[in-house]
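**Student:** What follows is a single structure, and I will ask about it in a moment.
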Amino acid sequence: MEFTFSEEQRLLQDSLRQYAKEKLLPKYAHWDAGHTISREELREAAELGIFGLRVPEKFGGQEVDYVTCGLMTEELSRGDFNYSLYIQLGLIASELLADYAHPEVQAEWLTRHARGDAVIAFGLTEPSAGSDAANITTRAQKMGDDYVISGEKASITFAGYADACIVFARTGEQGAHGLSAFLVPLDSPGVSRQVYKSPGERLTQRGSLFFDGVRVPARNRVGDESRGFQQAMVAFDFNRAIIGLACIGAAQQSLDETIAYTKGRIVFGKPLATFEGVAFQIAEHLSLLEAARLVSYKCLWLKDQGRKHTAEAAMAKWMGPKFSAEAIHACIILHGHYGYSMDAPLEQRWRDVLGLEIGDGTPEIMKGIVAREAFGREYTAYRS
């Protein structure tokens, strides 16, 4: 067993950590105040490789291994948690389009995506359906050489400014097996948007997308008809580990800042860090984060090896956000009154991380997946 990064990965880790500290962290609060990211800033992010990590080289991407994708996510999240969402959504879009999309769609959208000219959202969740995909009601009706899509998608990351969305709509029987995926340009007639007032991840402009008789060419269907959900689940597995590492990066940075603060803060004539009530809290959270980090990287390593990783992905998705939110909360308390201030990044990180305890599957769903893998599908309490 090997638990170390390669020399190339360590160099990448060092450079990204410095970039996150010097370039991303100073602007972290900027987005929380309601500012929007410019296209120039998106292209700068693309120069880091954020959008093209799993895009085929012929379309301008890099096709790096999954462990490296996780490493980049963890390091960039130390500076700005929002940037991890570009990696997460970019990986899912790249995987689905590269594996299943029509060659013309691949050539246009993967090329634009890799250079930061197109943000691609992922549209599965609806007001009454998320993990329970059997209840998705958005429909796509075949009409000649087109599909006509009608319905609503809810809690969509980048809803406010994405250029396209991979939309899941019903084309067949009731249930998850009757869903198909479509690449829908969001400047199409019949598309409208609503941005939520979210407590965190405000840069991403999470919101709803509405489709009112939106026509897309049949070539924009991603993969076979009525096979969309099965295709998406493949991407969900590894992305859950990416989510875990995004949260861990934000929490680890918070702990590092708290260690430095408590070493310098003098209380009753001694550094705050010398009190076991403080030091033991830090030790506990460091230990829990390391456990979550290891299962996350194990998941991505299994993916790189072409091996099953569903249980590990669900473990990472449950542990990463939970342990991270608890660690950041403790850091807020240990900073005293300064921790309860918007002048420090702690409370913003806490709000941002909380969103990913829900997104891509709640803790209850993750535990259900782990239990299903342990007991067998015949003992699953739900069917989709």
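Any read-out appearing in this document is the output of simple, stated calculations on the displayed coordinates, not a laboratory observation. Because the structure is a prediction, the values reported are computed rather than measured. Cβ coordinates were reconstructed from backbone atoms using ideal geometry, including for glycine residues, and neighbour counts include every protein chain displayed.
**Student:** Using only Cα atoms and rounding to the nearest 10 degrees, what angle (0 to 90) does helix 363-375 make with the longest principal axis of the chain?
**Tutor:** Taking Cα atoms only, the helix is inclined about 80 degrees.
**Student:** Mean residue ellipticity at 222 nm from the helices of the chain, using -39,500 (n - 2.57) per DSSP H segment of n ≥ 4 over the full residue count, to the nearest 500 deg cm²/dmol?
**Tutor:** For the chain, the value works out to -15500 deg cm²/dmol.
**Student:** Find the Rg to Rh ratio for the range 30-105, where Rh is the Kirkwood radius over alpha-carbon pairs and Rg uses the same atoms. Walk me through the intermediate numbers first.
**Tutor:** On the way: Rg = 13.2 Å, Rh = 13.2 Å.
That ratio equals 1.00.
**Student:** Taking 7 Å along the Cα-to-C-beta vector as the label spot, tell me the SER198-LYS270 distance in nanometres, rounded to one decimal.
**Tutor:** The two pseudo-label positions are separated by 4.4 nm.
**Student:** Then there's this: For the range 222-231, take each phi angle, set θ = phi - 60°, evaluate the Karplus expression 6.51 cos²θ - 1.76 cosθ + 1.60, and give the result in whole Hz per residue in order, putting x for glycine and proline.
**Tutor:** 9, x, 6, 4, 6, 10, x, 5, 4, 5
**Student:** For the Cα atoms of the chain, what angle does the longest principal axis make with the long axis of helix 82-100, in degrees from 0 to 90, nearest 10?
**Tutor:** 30
**Student:** Rounded, prolate or oblate: which fits the chain, taking a ≥ b ≥ c as square roots of the Cα gyration tensor eigenvalues, rounded meaning a/c under 1.5, else prolate when a/b beats b/c?
**Tutor:** Details: a/c = 1.80, a/b = 1.63, b/c = 1.11.
Since a/c reaches 1.5 and a/b is larger than b/c, the shape of the chain is classed as prolate.
**Student:** Mind pulling the angle between the C-alpha long axis of helix 346-358 and the longest principal axis of the chain? Nearest 10 degrees, somewhere in 0 to 90.
**Tutor:** Helix 346-358 and the main axis of the chain meet at about 40 degrees.
**Student:** Then there's this: Given 0.36 nm per residue, what is the gain on full extension from GLU7 to HIS337 after removing their alpha carbon distance, in nm? Don't jump to the answer; show the numbers that get you there.
**Tutor:** Working: separation 330, 0.36 × 330 = 118.80 nm, distance 4.16 nm.
114.6 nm is the gain from fully extending GLU7 to HIS337.
**Student:** Just how far, in whole angstrom, is the range 2-73 from the range 236-279 if you go by their alpha carbon centroids?
**Tutor:** 22
**Student:** Longer than 29 Å from Cα to Cα, which of LYS27/LYS317; LYS142/LYS367; LYS23/LYS263 are they? Say none if no pair is. Working shown, then result.
**Tutor:** Numbers: LYS27/LYS317 27 Å; LYS142/LYS367 38 Å; LYS23/LYS263 26 Å.
Violating the 29 Å Cα-Cα cut-off are LYS142/LYS367.
**Student:** Let's test the formula: R0 of 35 Å, r as the Cβ-Cβ distance of LYS27 and ASP145. What FRET efficiency results, to the nearest 0.05? Please list the in-between numbers first.
**Tutor:** On the way: r = 45 Å, r/R0 = 1.30.
Once the sixth-power term is evaluated, E becomes 0.15.
**Student:** Tell me, what is the percent relative contact order of the chain, built from C-alpha pairs under 8 Å that lie six or more residues apart?
**Tutor:** Numbers: 725 pairs, mean separation 60.8, N = 384.
Taking the mean separation of contacting Cα pairs over the length of the chain, I get 16 percent.
**Student:** Given H placed 1.01 Å from N in the peptide plane, which residues other than close sequence neighbours of THR138 have an amide H under 5 Å from its amide H?
**Tutor:** Here GLU152, ARG170 satisfy the definition.
**Student:** For a quick check: with amide H placed at 1.01 Å from N, whose amide H comes under 5 Å from ALA164's, ignoring anything fewer than 5 positions away on the same chain?
**Tutor:** VAL119, ALA121, LEU186
**Student:** Additional query: Using a Förster radius of 30 Å, what is the FRET efficiency between GLN174 and GLU378 based on their Cβ-Cβ separation? Nearest 0.05, please.
**Tutor:** Details: r = 22 Å, r/R0 = 0.73.
Working from the Cβ atoms, E equals 0.85.
**Student:** Enumerate the calculated ³J(HN,Hα) couplings along the range 302-311 in order (Karplus 6.51 cos²θ - 1.76 cosθ + 1.60, θ = phi - 60°), each rounded to whole Hz, writing x wherever the residue is Gly or Pro.
**Tutor:** Using θ = phi - 60°, the values come out as 4, 4, 4, 8, x, 10, 4, 8, 4, 5 Hz.
**Student:** Long-range amide H contacts for VAL222: which residues qualify at under 5 Å (H placed 1.01 Å from N, peptide plane, sequence gap of 5 or more or a different chain)?
**Tutor:** It is ALA181, PHE182, LEU183, by chain and number.
**Student:** Could you go through the range 6-15 in sequence order and give the Karplus-derived ³J(HN,Hα) for each residue, using 6.51 cos²θ - 1.76 cosθ + 1.60 with θ = phi - 60°, rounded to whole Hz, and x for Gly and Pro?
**Tutor:** 5, 4, 5, 5, 5, 5, 4, 4, 4, 5
**Student:** Here's something else I'd like to know. Among rounded, prolate and oblate, which fits the range 120-225 when a ≥ b ≥ c are the square roots of the eigenvalues of its C-alpha gyration tensor, a/c under 1.5 means rounded, and a/b larger than b/c means prolate?
**Tutor:** Values: a/c = 2.13, a/b = 1.40, b/c = 1.53.
Oblate, because a/c is 1.5 or more while a/b does not exceed b/c.
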